[in-house]
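Every number in this text was worked out from the coordinates using simple rules, so none of it is lab data. Predicted, not measured: the structure shown is a model, and the values here were computed from it. Here the Cβ is made from the backbone with ideal geometry for all residues, glycine too, and neighbour counts use every protein chain on show.
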Amino acid sequence: MDKKMMLKDSFLKRIGVKDSKLKEWQNLKLIKPDGMTSDHIPFFTHESVKRAQKIKELVNMGYGTSEIQKIIKKVGLPGAGDPVKQKGKTDQYLTVGVLAEKVGVSPRTIKYWEDKGIIEADMRSEGGFRLYADVYIYWCELIKDLQLFGYSLEEIKEISDLFRDFLEIDRDLDHHPFEKVDTKLNVMLEKIDDLYKKMDQLNRGIERWEELLNKKKKEITSLKQQNTKRKKSKRKKRDE
């Protein structure tokens, strides 16, 4: 989460090559963007910086691009992380504005939730440009649901923290002390039970309102029909 990212101009400045050279490397599949924004703008991470610097070192040592391709295919680039992915689509991330539009809230709300620590950007630039994975559409909808259930943002922040704790524990259970894990898991179960209770109350409330609204809708429709007949009757008498 919250990995540093940069747009193309910053990336070119960081690795010290021209745009034409980067395009050449991309066409030869030596390097590719780490992802795309929802506006189809490519971005790069520090892993790509290391990779580009290694490619640049090989070029300076006299290796041609075809030779670099063979080196990457056989052994990869030493010290530059995993080989660049050749297959599959480039990961796409959402800007604040697009995420807000898909969730049905304002960009200010998304930023406020982030300021509160409820959500965290997957990628951010040094200038504050932030990107979010598609999963945040679902998570933001859950935040809106919790608000409907009567949860405050402070309570939602607590649930969000517990969810992150769960992911961390689930990723590597043996890395965490038994006592702390047991305590956190008990708290998670309590929060789930609390949410079940609120959902049950909400469901009973929805049933009451459905019954009331169905009844009143029939009564209102009946009154509307009576009023229409009364209007026609009055018009008929006036015409006579």
*Over 24 Å between C-alpha atoms is what I'm after, so list which of Lys8/Lys157; Lys32/Lys56; Lys8/Lys29; Lys32/Lys102; Lys13/Lys116 land there.*
Lys8/Lys157; Lys32/Lys102; Lys13/Lys116
*Structure-based [θ]222 nm, the chain - -39500 (n - 2.57) summed over DSSP H runs of at least 4, per residue, nearest 500*: -21500 deg cm²/dmol
*Taking the Cβ of each residue in Arg51, Arg124 as the centre, tally the other Cβ atoms inside 10 Å and list the residues starting with the fewest.*
Arg124, Arg51
*Arranged by the count of other C-beta atoms within 10 angstrom, fewest first, what order do Ile41, Ile72, Ile206 take?*
Ile206, Ile41, Ile72
*Which aspartates and glutamates, on any chain, are close to Lys236 with Cα under 16 Å apart, when same-chain ones fewer than 8 places away are left out?*
none
*Would you list Tyr93, Tyr196 from fewest to most Cβ contacts within 10 Å?*
Tyr196, Tyr93
*asked:* How large is the translational diffusion coefficient of region 177-240 in µm² per second when you combine the Kirkwood radius over alpha carbon pairs with Stokes-Einstein at 4 °C and 1.567 mPa s?
replied: 78
*With Rg/Rh (Cα atoms, Kirkwood Rh) in mind, check (i) 0.98; (ii) 1.25; (iii) 0.93 and report the label derived from this structure.*
(ii)
